[in-house]
Amino acid sequence: MSDRLNARLDELAAAGRSALKIDASIEDIARLFVELGEDAILMDCDLKRDVAWYRDCELRASAVPGVRVVADDGREPSRFEI
C-alpha cells in the first residue's frame with residue numbers, strides 16, 4: 001500500500017499539483033506503520049490538533065475504509081483513491 005500511496009504523491013508532484021491531505025482508515029494507517037516503520041507517520045506537536053503527517057502531507061483518520069488523497073492544483077481539490 002505504501003508503494004501505491006508514494007507513487008500517487010510523486011505523480012501529483014510531477015504534475016505540479018500538491019496533496020492537501022490524506023484520509024485513511026485506522027487499519028490503513030496501521031499498515032503504513034508496519035510497512036515503513038514508526039518514523040513514516042509523525043504526530044503533530046500541537047496538542048490542540050488531532051492530525052499526523054505523512055511525508056509533508058496532513059494525514060487524518062477516517063471511518064471510511066481505504067486511503068484517499070485530496071489534491072489541489074490551484075483550482076478545486078480532487079479526490080483520488082489509493
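The values are calculated or read from the model by the stated rules, or taken from the named source; none is laboratory data. Note that this is a predicted model, so its numbers are computed, not measured. Every residue, glycine among them, receives a Cβ derived from its backbone with ideal geometry; neighbour counts consider all protein chains shown. For the accessible areas, the whole protein counts, side chains as well, though only heavy atoms, and no ligand, DNA or RNA atoms are used. Shrake-Rupley method; radii C 1.70, N 1.55, O 1.52, S 1.80 Å.
Some points to look at:
- Total residues in segment 44-75, condition assigned to a loop (DSSP other than H, G, I, E, B), closer than 15 Å to Asn6 by Cβ and at pLDDT below 90: 1
- For segment 1-38, the set of residues classified as among the β-branched types (Val, Ile, Thr) and in contact (Cβ under 8 Å) with a residue 24 or more places away in the chain consists of Ile22, Ile26, Ile29, listed by residue number.
- Residue in segment 18-27 that is more than 13 Å from the chain's Cα centre (by Cα) and closer than 18 Å to Ala63 by Cβ present: yes
- Scanning segment 62-80 for residues that are out of contact with any strand residue (DSSP E or B) (no Cβ under 7 Å at 6 or more places or on another chain) and surrounded by 10 or more Cβ atoms within 10 Å (Cβ to Cβ) turns up just one, Asp73.
- The set of residues in segment 1-18 that are open to solvent by less than 80 Å² (accessible area, probe 1.4 Å), more than 14 Å from Ala71 (Cβ to Cβ) and modelled with pLDDT of 90 or more comprises Ser2, Asn6.
- Of all the listed residues (Arg49, Arg55), the sole one being on the phi > 0 side of the Ramachandran plot, among the basic types (Lys, Arg) and open to solvent by 30 Å² or more (accessible area, probe 1.4 Å) is Arg55.
- Any hit, segment 27-43, residues being modelled with pLDDT of 90 or more, part of a strand (DSSP E or B) and open to solvent by less than 80 Å² (accessible area, probe 1.4 Å): no
- A Cβ distance below 6 Å, combined with a sequence gap of six or more or placement on separate chains, defines the contacts here; from segment 41-62, residues that are closer than 12 Å to Ala19 by Cβ reach residues that are not in a strand (DSSP E or B) in the pairs Glu58/Val51.
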